[in-house]
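Beneath this line is the structure, given in structure tokens, with notes to follow.
The values are calculated or read from the model by the stated rules, or taken from the named source; none is laboratory data. The structure presented is a predicted model; accordingly, all values stated were derived computationally and were not measured. Note that each Cβ is placed from the backbone with ideal geometry, even for glycine, and that neighbours are counted across all protein chains shown. All accessible areas refer to the heavy atoms of the entire protein, side chains included, with ligands and DNA or RNA removed. Shrake-Rupley method; radii C 1.70, N 1.55, O 1.52, S 1.80 Å.
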Amino acid sequence: MTMPAFPEPAGTPSFEIRGAEDRDGVLVREVLIDGSIEAYLVERTVVDARTSAPGLVFAHWFDTNAPNGNRTQFVDEAAAWVDDYGGSAVLPQLTFPWAGDPTGSEADRERIVADVSLLRRCVDLVVARPGVDASRIGVVGHDFGGMHAIILGTVDRRPVAYVLIASVPRWADWFLPFWPIEEDRLDYLRALRPLDPIEHIGGIAPATVFLQFGRRDFFIAPMTGLELRAAAPEGTQLTPYDAEHDMEGDEIRADRTAFLEHALGVAG
């Protein structure tokens, strides 16, 4: 099975504003990108287009029982970043497996491609925003969001820094144990392999990568982070934390902020 084709983005995305909240100088807007992608767009209330600041894209985790298992997950983090450094952040609602369960390799390959393409449109938007330096784009992804982000790194070379949180090497690591997929296990593994994050993470270079994992993660074995790091670009940092799969914690957030500050050239 070969790597599927990814459509080339067509121009700068359009977006419709559907709501807004001003957080003491940081504007958090609910937007609809290209008529179909629900997202938050986070920028300072007053943007100085003469400035040059990094842009970020955040890809959230999957948990249907958690109130932040959707695009709201990183809103506070994005607002804090923009407050400190300016620029722009885009936080889209991902669709797979949020909007539909895994069912088989043919459909699942198409859904993965669709979400990676969705993230690519978000990169298109953030690099087009006033005051954003297109050479300083970072991506933060948690769980499935991180898995989609890894593939983004090999189909779109614009992001230069990736924070990948509690992501696993293969789609089947999640889908086969937790969803009733009738397809033969080995056939499914073979069909999804070209899109498995473990096959792509090494190709993210020269972008820099920071892996974050939880020691108390019920769903992910401790060796998972080591497997990803072994395949990742040279110099990839892996840090384990005393955390569960939600990866909540001030230290965890502070460490990825410090990584992005350094990687995107805003460290003091």
Taking every other residue with Cβ under 11 Å from the Cβ of residue 26 and scoring Lys and Arg +1, Asp and Glu -1, one gets -4
Here the gain from full extension of residue 34 to residue 3, 0.36 nm per residue of separation minus their alpha-carbon distance, amounts to 8.6 nm
With every protein chain kept in place and a 1.4 Å probe, the chain has an accessible area per residue in Å² of 44
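What length, rounded to one decimal in nm, is gained on full extension from residue 157 through to residue 251, with 0.36 nm per residue of separation minus their alpha-carbon distance?
Contour length minus the Cα-Cα distance gives 30.9 nm.
To the nearest µm²/s, what D does Stokes-Einstein give for the range 139-194 at 4 °C and 1.567 mPa s, using the Kirkwood radius over alpha carbon pairs as Rh?
It diffuses with D of about 105 µm²/s by this estimate.
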Under the 7 Å Cα-to-Cβ spin-label approximation, residue 106 and residue 80 lie apart by a distance in nanometres of 4.7
Between the alpha carbon centres of the range 1-63 and the range 178-236 the gap in Å comes to 26
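Treating only the Cβ atoms of Lys and Arg (+1) and Asp and Glu (-1) as charged, compute the dipole magnitude of the range 74-206 about its Cα centre; round to the nearest 20 debye.
Numbers: 12 positive and 20 negative charges, 99 e Å.
In total the dipole reaches around 480 debye.
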About its Cα centre, the range 161-216 carries a charge dipole, from +1 on Lys and Arg Cβ atoms and -1 on Asp and Glu Cβ atoms, whose size in debye to the nearest 20 is 340
In debye to the nearest 20, the charge dipole size for the chain, taken about the Cα centre with +1 at each Lys and Arg Cβ and -1 at each Asp and Glu Cβ, equals 700
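Which values, in whole Å and largest first, are the semi-axes of the equivalent ellipsoid of the chain obtained as the square root of 5 times each eigenvalue of the Cα gyration tensor?
28, 21, 18
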Log entry: pair-distance distribution for the range 164-268, C-alpha pairs binned every 10 Å from zero, whole % per bin is 14, 39, 33, 11, 2, 0
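Taking R0 as 35 Å, what's the FRET efficiency between residue 266 and residue 216 from their Cβ-Cβ distance, rounded to 0.05?
So the FRET efficiency works out to roughly 0.65.
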Pseudo-spin-label distance residue 114 to residue 45, built 7 Å along Cα→Cβ, given in nm, is 3.9
If one builds a Gaussian network model of the chain from Cα atoms under 10 Å apart, the most fluctuating residue listed among 190, 229, 71 is 190
Semi-axes a, b, c in Å (a largest) for the range 52-164, each sqrt of 5 times a Cα gyration tensor eigenvalue, come to 25, 16, 10
On the accessible surface of the chain, probed at 1.4 Å with all protein chains in place, carbon and sulfur together account for a percent value of 49
In order over the range 205-213: 3J(HN,Hα) from phi, Karplus 6.51/-1.76/1.60, θ = phi - 60°, whole Hz, x for each Gly or Pro, gives 3, x, 4, 8, 10, 10, 9, 10, 9
Which residues qualify? For residue 39, with a placed amide H closer than 5 Å and at least 5 residues away or on another chain, they are 31, 33, 93
For residue 14 and residue 227, extending 7 Å from Cα along the Cα-Cβ vector and measuring point to point gives, in nm, a value of 4.4
